[in-house]
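What follows is one structure encoded as C-alpha cells, with my remarks underneath.
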Amino acid sequence: MIDAVFNGIEIAAKACLSITGVIFLAVGVLIAYFLWNLSTLKRARPANLKHWNRVRRGDGFGVEELARRLGVTSDELAAVSPNYTERFIEKRSGGTRRLLVPSPELKELQQKILRRLLARLSVHPAATGFEPGTSIVHNAAQHVDQAVVVCMDVSDFFPQTSEARVTAYFQRIGWNRETAELLTRLTTWEGGLPQGAPTSPRLSNLVNHVLDARIERFVECRKGNYTRYADDISVSFPKDYPKRVRGTVQVVGRHLKAFGYQLNAKKTRILRQHQQQKVTGLVVNDRVNVPRNIRRKLRAVEHRLNTGQRATMTREQFNGWKALLAMVEQQRDGSQ
C-alpha cells in the first residue's frame, strides 16, 4: 500500500515537472520574440523613420513645386476640372470594354504627369504590362517549357486600384498631403484609376510594387515564376504538385484581397504540359508563339485577300495581325 502511494507521488511529481517545463519553454519563446522585435526596431535606419514620420505628418513638396515640374502655374492646376467621355470597344475575346477618355485639356496634363513625374520611377520587375522594353512576348517568355502554368485574372483591375492607395503612393514618393490629393484628383475618377487615361497603366504598376513583391516572394519560395501583365497574373512551376498549385491560387487571392482586389475565379486556368499553355494570348509549351489556329486563319485570310475573294478581315486588320506575328518572332528569336 505504501509503495503504491509513493509511486503515485512520483508520477504526479513528474507530471508537474513536465507541465512546468512546457510553461518555461513557452515563456522563453515569447521573451525571445519580444527581444528580436526590439532589436529590429533599434536597427531601423533613421532615414526610414524620418521618411515615415514625414508621410504621417503630410509633409513634402507642395503645389508650387508640382506646377514648376509640369511647366504650368498653380492657378492653372487648380482650375483644371477632370472630365471624361465614356466609350465602349469590342474585346477580341468577345464582349465590350468600358473606356473613360479624358478631355483634351486633362489628357495633355496627364501626359505631362506621366513623362515628368512617373516615367523615371521604378516598378517591380514582375510587372511587364505597358513598361518600356517589355511586351506580351517578354511576359510569356518567363513561363516557357514549364510543367504547369496558372493564369489568373483580377476583376475590374483599374477601377479597383483605389484613389486612397494612389494618394498614399504620391505621399510616399515625396509630395505633401495637399499636392498628393491634387495629383490623385487629376489621375483618378469614380474612386479608382480610369481605364483610358494615359497615366493609369503606369500608376497601376507603381502603386502595386509591394503586391508584386509579396506574390513573387511566395512563388519563388516554391521554385516558381511570377509575372503580372496589367490584370493578367501568370504563375508557372517546373514540377507539377497539385496541392502546391491549388495553394498558390488561394494565396494569390488572399494577397489581392488585402490590396482591395478580387480574383475572377471563372477565369482561373490551370494548364499542364499535355494541354495548350497560353500566357497573355501566346502559346508557351516549348517556345513563345501565336496559337496555331490563329496562324492557320491568317494564312487563309491572306490567300483570300490576295486572290480578290471575300475575307473575314479587312486588309488593315490583317496587317495588324501580321505585325503581331513579326513582333513575336523577332522578340522571341532575339531573346534566345
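The values are calculated or read from the model by the stated rules, or taken from the named source; none is laboratory data. This is a predicted model, so every value here is computed, not measured. Glycine gets a Cβ as well: all are built from the backbone with ideal geometry, and neighbour counts include every protein chain shown. The accessibility values were calculated without ligands, DNA or RNA, using every heavy atom of the protein model including side chains. Shrake-Rupley method; radii C 1.70, N 1.55, O 1.52, S 1.80 Å.
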Output the qualifying pairs, or none if there are none: Cβ atoms under 9 angstrom, residues six or more apart or on different chains, first residue in the range 78-89 and basic (Lys, Arg), second residue open to solvent by 80 Å² or more (accessible area, probe 1.4 Å).
ARG87/ARG98
Of the conditions (1) open to solvent by less than 70 Å² (accessible area, probe 1.4 Å); (2) in a loop (DSSP other than H, G, I, E, B); (3) at pLDDT 90 or above, LEU109 clears all except one; give me its number.
(2)
Is one or more of the residues making up the range 224-240 surrounded by 14 or more Cβ atoms within 10 Å (Cβ to Cβ), modelled with pLDDT under 95, within 23 Å of ASP145 (Cβ to Cβ) and of a type in the set (Lys, Arg)?
no
Just one of (1) under 27 Å from the mean Cα position of the chain (by Cα); (2) closer than 23 Å to HIS143 by Cβ; (3) not basic (Lys, Arg) trips up GLN262, so point out which.
(2)
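Among the helices (runs of 4 or more DSSP H) contained in the range 219-336, which hold 2 or more residues that are under 28 Å from GLN195 (Cβ atoms)?
Details: elements: 242-258, 292-306, 315-335.
In the range 219-336, 242-258, 315-335 are the helices (runs of 4 or more DSSP H) which contain 2 or more residues that are under 28 Å from GLN195 (Cβ atoms).
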Any chance the range 142-155 includes a residue that's open to solvent by 40 Å² or more (accessible area, probe 1.4 Å), hydrophobic (A, V, I, L, M, F, W, C) and not in a loop (DSSP other than H, G, I, E, B)?
no
